[in-house]
Amino acid sequence: MNTKICKYKNNAKSAFSFVFDDGCYGESTEWTYEIFKGIFEKTGIKFKATSAQTVSFISPNMKKIWDKLFDEGYYDYCAHSITHCICYCKNTPVEEMHKDARETQIKLAQMYGSKPLTYATPGGGSDEFGWSILKNYYIANRNGNDKINIPGEIDWFNIGTFTAMLKRTTEEYTANIDEIIEKGGWSVQVNHWITKKEEDKFHSQSYDTFVKECDYLAEKAVSKDVWVCSMNEAVLYLQEAESSSLTIKDGEKGTEVTLVCPLDKEIYNYPLTVEIDGKLYDIKPNETIVV
């Protein structure tokens with residue numbers, strides 16, 4: 001029997017994640033929802049992005065929007081600090097970093113009902129000393145360094161990014177997608193908002209290039225060239241896949257295949273795609289199936 005744990009869900013060749021920082025852009029957020037929803041209705045592929053939530057930026061009206069998007073499965077969230085005014089680096093007092101990491105987790109859990117597992121350091125101001133603090137609270141941190149992440153080589157507290165900017169063309173966005181497919185990598189695209197205005201905004205992306213990029217991603221997702229997933233989904237899948245193994249034994253009803261994962265069962269419970277004699281199965285960590 002030939003078995004393997006697939007590098008990415010559904011045995012895709014690569015993975016792509018949108019992360020929208022700050023969590024406070026109402027009109028833009030609603031546009032992304034409509035675009036994602038339209039892709040799902042046309043293709044059956046459901047894009048799920050991650051909102052990096054800054055606690056003090058979330059108004060009651062924005063929370064209502066996020067509650068809807070989380071419930072419908074088009075977004076999940078990670079932590080992005082209390083005020084956006086902290087750097088996770090050796091120049092910041094240790095107690096301030098601990099306070100922000102801890103209180104961001106607590107306040108977002110109170111707000112949404114579950115604690116964030118991952119963090120996105122604001123402003124790109126972080127270093128290895130700061131990451132050592134975050135490791136006490138989160139399982140991964142997205143930094144601001146431009147690079148494609150390769151499974152098996154990822155520094156989980158220095159996850160690389162591809163930054164959305166108004167000046168980037170559609171060709172630049174699609175070229176990044178082509179590169180991750182070629183390399184078998186995972187790209188995390190950092191956005192702030194999408195805009196229909198002809199003016200340069202920090203980390204904005206034009207509405208038109210975003211629509212074309214999403215259409216291209218949907219095409220590649222249908223062909224299983226790309227798994228379009230949230231940052232949290234990718235982190236859980238890749239960390240589980242790195243640590244897991246398969247055991248096989250004969251049972252009364254057939255061959256029993258167990259996905260063995262030594263990681264914390266309360267956190268690491270995302271289904272992995274396993275290929276068994278050419279067929280794909282989604283198996284949760286420490287679950288057994290009969291084939």
**Item:** Kirkwood Rh in Å, taken over all unlike Cα pairs in the stretch 27-164
**Value:** 16.0
**Request:** Return the sequence-ordered ³J(HN,Hα) values of the stretch 134-144 in whole Hz as given by the Karplus equation 6.51 cos²θ - 1.76 cosθ + 1.60 applied to θ = phi - 60°, using x for Gly and Pro.
**Result:** 4, 4, 6, 10, 10, 9, 6, 9, 8, 9, x
**Asked** What range in the chain is the longest one free of GluC sites (Glu not before Pro) that are in a loop by DSSP and have at most 12 other Cβ atoms within 10 angstrom?
**Response** 1-152
**Asked** What FRET efficiency, computed as 1/(1 + (r/R0)^6) with R0 = 25 Å and r the Cβ-Cβ distance, is obtained for E153 and K265, rounded to the nearest 0.05?
**Response** 0.45
**Message:** I'm spelling it out carefully: the read-out is Rg/Rh (Cα atoms, Kirkwood Rh), the candidates are [x] 0.98; [y] 0.95; [z] 1.01, and one was derived from this structure. Which label?
**Reply:** [x]
**Request:** Kindly provide the helix-only [θ] at 222 nm of the chain, computed as the sum of -39,500 (n - 2.57) over DSSP H runs of four or more divided by all residues, to the nearest 500 deg cm²/dmol?
**Result:** -11000 deg cm²/dmol
**Asked** Against the longest alpha carbon principal axis of the chain, how many degrees, from 0 to 90 and to the nearest 10, is the axis of helix 26-43 turned?
**Response** 30
**Message:** I'd like the FRET efficiency for S245 and A175, computed as 1/(1 + (r/R0)^6) with the beta carbon distance as r and R0 of 35 Å, rounded to 0.05.
**Reply:** 0.45
**Item:** Qualifying chymotrypsin sites (Phe, Trp or Tyr not before Pro) in the stretch 112-214, DSSP loop, other Cβ atoms within 10 Å at most 11
**Value:** F202
**Request:** Could you calculate the contour length gain from K183 to V222, that is, 0.36 nm times the residue separation minus the distance between their Cα atoms, to one decimal place in nm?
**Result:** 12.2 nm
**Request:** Please give the length that would be gained between R102 and E128 if that part of the chain were fully extended, namely 0.36 nm times their separation in residues minus their C-alpha to C-alpha distance (nm, one decimal).
**Result:** 7.5 nm
**Item:** Rounded to whole Å, sorted largest first: equivalent-ellipsoid semi-axes of the stretch 244-290, Cα gyration tensor
**Value:** 19, 12, 8
**Prompt:** How many angstrom separate the Cα center of the stretch 209-282 from the Cα center of the stretch 104-161?
**Reply:** 21
**Message:** For the chain, take the longest principal axis of its alpha carbons; what is the angle in degrees between that and the long axis of helix 60-72, to the nearest 10 within 0 to 90?
**Reply:** 20
**Request:** Restricting to the chain, compute how many DSSP beta bridges are antiparallel as a %, nearest 5.
**Result:** 40
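Coordinate-derived values only; no laboratory data. Since this is a predicted model, take the numbers as computed values, not measurements. A quick note on method: Cβ atoms are made from the backbone with ideal geometry, for glycine too, and the neighbour counts reach across all protein chains shown.
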